[in-house]
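Readers should treat all values here as calculations from the given coordinates under stated rules, not as data from a laboratory. Given the structure is predicted, the values throughout are model-derived calculations rather than measurements. In this analysis, Cβ positions are derived from the backbone assuming ideal geometry, glycine residues included, and neighbour counts consider all displayed protein chains.
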Amino acid sequence: MSGSYLQDLTPAQSAAVSHVDGPLLVLAGPGSGKTRVVTRRIAHLLQQGIFGDEIVALTFTNKAADEMRQRLETQGASQGVWLSTFHRFCAHVLREHASWVGLEPNFTIYDTENSHKTLRRVIDESDVPCRQTSPEQLARAISQAKNDLITYQEYADQAHGVLGKIVSEIYPSYQQRLLACNAVDFDDLLLLVAGILRDHSELRESLDERYRYILVDEYQDTNRAQYCIVRALSVKHPNLAVTGDPDQSIYGWRGASLDNILDFEKDFPNAHVVRLEMNYRSTKRILHVADSLIANNKRRLEKSLYTDNKDGARVDLTLYPNQTDEADSIAARIAADIASGARRPRDFAVFFRVNALSRTLEKAFSDQAIPYQIIRGVEFYQRAEIKDVLAHLQLLNNPRDNVALLRVINRPPRGIGKTTIQKLSEHANQHGISLFEAARRCGTIASISKRLAVKVAKFVALIDLIAESAEAPIEEIIGNVLSHSAYRDLLVESDAKEDEERLANIEELLTAARQFDEQNPGSGHLEEYLEQVALVNDTDDWEDETDRVTLMTMHAAKGLEFPVVFIVAVEHGILPHERSRNDPDQLEEERRLMFVGITRAMEELALCYVHHRDYRGIRRRAVPSAFLMELPRDKMRLTNQMEYQQIDPADESSWRPAASKSARSSGLSTLPTGTVMTAADLLRRHTEISLEAANTEPAMPEHLVDKDVSEETHTKDSGKQPCSNDDSLNHATDPNAFVIGMIVSHPEHGLGKVIALSGSTTRRIATIQFFQGRKQRTFHLATSPLTSVSSPS
DNA sequence: ATTCGCAAAGTTTTT
DNA sequence: CTTTGCGAAT
């Protein structure tokens, strides 16, 4: 009995959708319609008579959960299905059984900033010698331990080394401090629930029974804690369906364990495995490039990628002299495509490995008046003013939340300073009470002067006053915070424009609160609201709304798609990142990251790298990424924009590669993946591969050939003969004989070079970078007075 | 108790 | 080149 939802599916998709009982592994390549399959399968389960409340679907992001919910609703089949993120699911379980781990049900969920603050305090107050180790390092170590399900009681047993010793001291103190605040951090949500499920078999059994069908999205990103939770719920009813793609695992550094998905078939020997290999997103050429790259990874499950889409344009690989040219050229190409009407701004995305690389791009986009948006890690709920307001609410909900109290006790300034807080803190520690409780008793604390005691008492009275409305709608509570604390007045009266922005953010918070109130009518939703803001981030609503070019890291790009994608700085030390170079597994993760970036592209993909890059204040010679050597370069469009650069003789010496001829002759063939490579090694390797390629492929552009060998011709050519050495490619596609990089003349603007071309026949448009005044203009070739100064040889 | 200045460090960030 | 954190100064 197959419903309509089985009809327009491929056999593989259909197999996944109609699977009901027993473990299921869906290996879903990029753009393979995974979400569609998952939601249809849920619809199918419901149609089989399974109740919605027996099904739980777990995702990593709210965005994914929302999307799934939306799709289910359009199929009219979300009834009772528990659809949420791992963390939210765990928060709910934990609220019901908080006392088992020494918490009260109104515990606060600390975000990263708050947990770091707590950790800081622990470190400061401990006498553990940790000058060598940074708080961040300790935080990472603790987080990692939690992800691996190592509790503070167990940590010391397996600790080793100096860091291990320090963590053994700090981790328990940190945990006790959280407990004292009746708070948990993100990792605790998972760790504590995993622990509860392990230690309380009756609860485990009842949840196993209750959630008979479990679905996990992005299974390749699960960590050990998540793995244990999911397994614990799938003992009696092992109807565990996981979807994921080992090739898209890019969060190993956050504790994700690739083994979970790689070993799924071992964990569940009778698992049904479905491979979704048909790609509906990208052109054949883009997919081929992606496939060639990822084939170099060892830790993966065999999977081929197919598409019925057209071949599409060749994938671009372009070398620029420096990042300014890189950025300008990208911006110019985008501007030209927009000007010609071929594309809209929202069709484009530019990806980079590190946020620091966005600056040059931003400048280029703003210079050319191209609308763009940057997706950054900083979120709305991370802003100081928002957190200030919310901290009041947190304190109402959980008076033991010391971090919240410390945040608001002197904001706006009330003259309660460090020394007073120190005294309160001492008193609290001595009597085993919270800071707020100590503040309440400040009149009886001998060390606190009358004067200050009055100030503190005023603060306590303020919180008590706001607390009277704790059961009210959220908007009202926040309103009371703003008016009673004079926080709003402070911002209104200030004439700094930052404060204007802060005020606007607070208005936005109020609007969001009103929306929450509408969705949760009635009173007493404070705890729910706080959980929502703790576990929801708002980077989720970037897209669609606006017609802009998107700039973001490749991590942020996961799950998205764009018609045209640029990836900049495909260079050694950036992609792969230098911090990953010593670890084979990390190197593979970097490759996966690039794979993710490439597979976001639907129609056009351009990879870029430069000759020199200014990074962290210094200019250094950029080495092409080793990943570039793994691409099918013979099937790509290689462009070398170096030749058209006016060469600064002073600069030229630095063009020589670090590897000398003698070094090269030392005979280094291919390095096995994952060996430790120095920069020099890599350069040598690059050189050799390039030479090898050059020998077998006469059309290989010069920029992939060792500069030592080609330097003579290179220098001679440059400036004088600015024609492509790979012009066969350009000729074929260009009836007008204009090619990128060509030098042209304009009666008004003088000489310039072609940096972008788009459109065809009469609508063909060229973007010219003029040498005078660094001007950039676009022209319709059919009507412009442009003449070519140099023609391709 | 804020503010200024210098030193140091510098991936990625679903919750 | 940035940002960020900490210490000293007003």
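Structural remarks
- With R₀ fixed at 41 Å, the C-beta to C-beta distance from A:Glu202 to A:Lys165 puts the FRET efficiency at about 0.60.
- Computed label-point distance, nm, for sites A:Val20 and A:Arg140 using a 7 Å Cα→Cβ extension: 4.9
- Full-extension gain in nm, A:Ser449 to A:Gln79, via 0.36 nm per residue minus C-alpha separation: 127.2 nm
- On the beta carbon distance between A:Phe51 and A:Leu510, with R0 = 41 Å, the FRET formula returns roughly 0.60.
- Pairs of Cα atoms nearer than 8 Å and 6+ residues apart set the relative contact order; for the range A:187-263 it is 35 percent.
- Of A:Lys34/A:Lys117; A:Lys117/A:Lys458; A:Lys146/A:Lys236; A:Lys117/A:Lys266; A:Lys266/A:Lys558; A:Lys298/A:Lys635, pairs whose Cα-Cα distance is over 31 Å: A:Lys34/A:Lys117; A:Lys117/A:Lys266
- Taking label positions 7 Å along the Cα-Cβ direction at both A:Arg344 and A:Asp499, the computed distance is 4.1 nm, reported to one decimal.
- Summary of packing: across the peptides A:320-329, A:156-165, A:407-416, the per-residue average of other C-beta atoms within 10 Å ranks them, highest first, as A:320-329, A:407-416, A:156-165.
- For A:Gly33, the residues whose amide H sits under 5 Å from its own are A:Tyr280, ignoring neighbours fewer than 5 places away on the same chain, with H placed 1.01 Å from N.
- In this simple spin-label approximation, A:Ile433 and A:Thr112 carry label points 7 Å from Cα along the Cα→Cβ vector, and these lie 3.7 nm apart.
- Values of log10 I(q)/I(0) for the range A:469-600 across q = 0.09 Å⁻¹ run -0.51, by the Debye formula with one identical scatterer at each alpha carbon and no solvent.
- Remark: the range A:417-425, residue by residue, has Karplus-estimated 3J(HN,Hα) of x, 4, 5, 4, 4, 4, 5, 4, 4 Hz, where x stands for each Gly or Pro and the curve is 6.51 cos²θ - 1.76 cosθ + 1.60 at θ = phi - 60°.
- Chymotrypsin sites (Phe, Trp or Tyr not before Pro) within the range A:330-366: DSSP coil, no more than 10 neighbouring Cβ in 10 Å: none
- Scanning residues 5 or more positions from A:Ala183 or on other chains, those with amide H under 5 Å from its amide H are A:Thr108, with H placed 1.01 Å from N in the peptide plane.
- Peptide packing for A:598-611, A:236-249 was compared via the average number of neighbouring C-beta atoms within 10 Å per residue; ordered from the highest value, the list is A:598-611, A:236-249.
- For A:Leu276, residues with placed amide H under 5 Å, excluding near neighbours: A:Leu27, A:Ala28, A:Gly29
- Highest to lowest packing among A:417-427, A:171-181, A:96-106, scored as the average C-beta count within 10 Å: A:171-181, A:417-427, A:96-106
- Stretchable slack from A:Gln519 to A:Asp614, in nm (0.36 nm times residue separation minus alpha-carbon distance): 29.2 nm
- HN-Hα J in Hz across the range A:152-159 - Karplus 6.51, -1.76, 1.60, θ = phi - 60°, x for Gly and Pro: 5, 6, 8, 4, 4, 4, 10, 6
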